Amino acid sequence: MKLAQLISRIESLAPPALAEEWDRVGLHVGRADAEVRVGLLCIDLTDAVLEEAAEAGASLVVAYHPPIFKPLAALTDAEPKQRLILGAAERGIAVYSPHTALDAAAGGVNDWLAEAVAADVQAQVRPIRPALDEPADVAGAAAGRV
């Protein structure tokens, strides 16, 4: 499957429009036309995760937290964050982050957490506040759950 097709599927579950304005969701490293056969999911992209992805032959890491949050001044091996991003690019490993889009999506992270702590949660869960610019086809999206 092409990376663009896989991203389209991810974004159908967690539309970027649901992300908080300050967030950096989306593709951080990679080419849309790259072939993806093996992917890895993680919370944070770390050196250990990147090594595991390389050893597994993965061409995509979906990292919940955005690995590039503040703009990078350079892309060298001089600093850990830069080295990590450079390493992913050199290995041909794409990196995508859904972060707050996945939090806000109906059935997303906030719903998963609510289900983990409450019985019959679907009848009880409601949005704290509606997601900004909620697409019409993503009913129930919200920035948080009660």
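Work out the charge dipole of the stretch 7-64 with +1 on the Cβ of Lys and Arg and -1 on the Cβ of Asp and Glu about the Cα centre, then indicate which of 63, 53, 39 is farthest towards its positive end.
Going by the charge dipole, the pick is 39.
Would you mind checking which residues have amide H under 5 Å from residue 24's amide H? H placed 1.01 Å from N; only 5 or more apart, or other chain.
none
Kirkwood hydrodynamic radius, the stretch 1-94, all distinct C-alpha pairs: what's the number in Å?
13.7 Å
Excluding residue 68 itself, what net charge comes from residues whose Cβ is under 10 Å from its Cβ, given Lys and Arg +1 and Asp and Glu -1?
Counting the neighbours of residue 68, the net charge comes to +3.
Roll a 1.4 Å probe over the protein chains and send me the accessible area per residue for the stretch 1-100 in Å².
56 Å²
Per the 1.4 Å probe, what fraction of the accessible area of the stretch 1-63, in percent, lies on carbon and sulfur atoms?
Summing carbon and sulfur atoms, their accessible area is 53 percent of the total for the stretch 1-63.
Top to bottom by accessible area (1.4 Å), largest first, where do 51, 20 land?
51, 20
Could you list which residues have their amide H under 5 Å from that of residue 61, counting only those 5 or more apart in sequence or on another chain, with H placed in the peptide plane?
Here the answer is 40, 94, 95, 96, since their amide H atoms fall under 5 Å of that of residue 61.
With a 1.4 Å probe and every protein chain kept in, tell me what percent of the accessible surface of the stretch 79-118 is carbon plus sulfur.
Answer for the stretch 79-118 is 58 percent, counting heavy atoms of protein chains only.
The values are calculated or read from the model by the stated rules, or taken from the named source; none is laboratory data. Just so it is clear, the model here is predicted, and its values are computed rather than measured. Glycine gets a Cβ as well: all are built from the backbone with ideal geometry, and neighbour counts include every protein chain shown. For the accessible areas, the whole protein counts, side chains as well, though only heavy atoms, and no ligand, DNA or RNA atoms are used. Shrake-Rupley method; radii C 1.70, N 1.55, O 1.52, S 1.80 Å.
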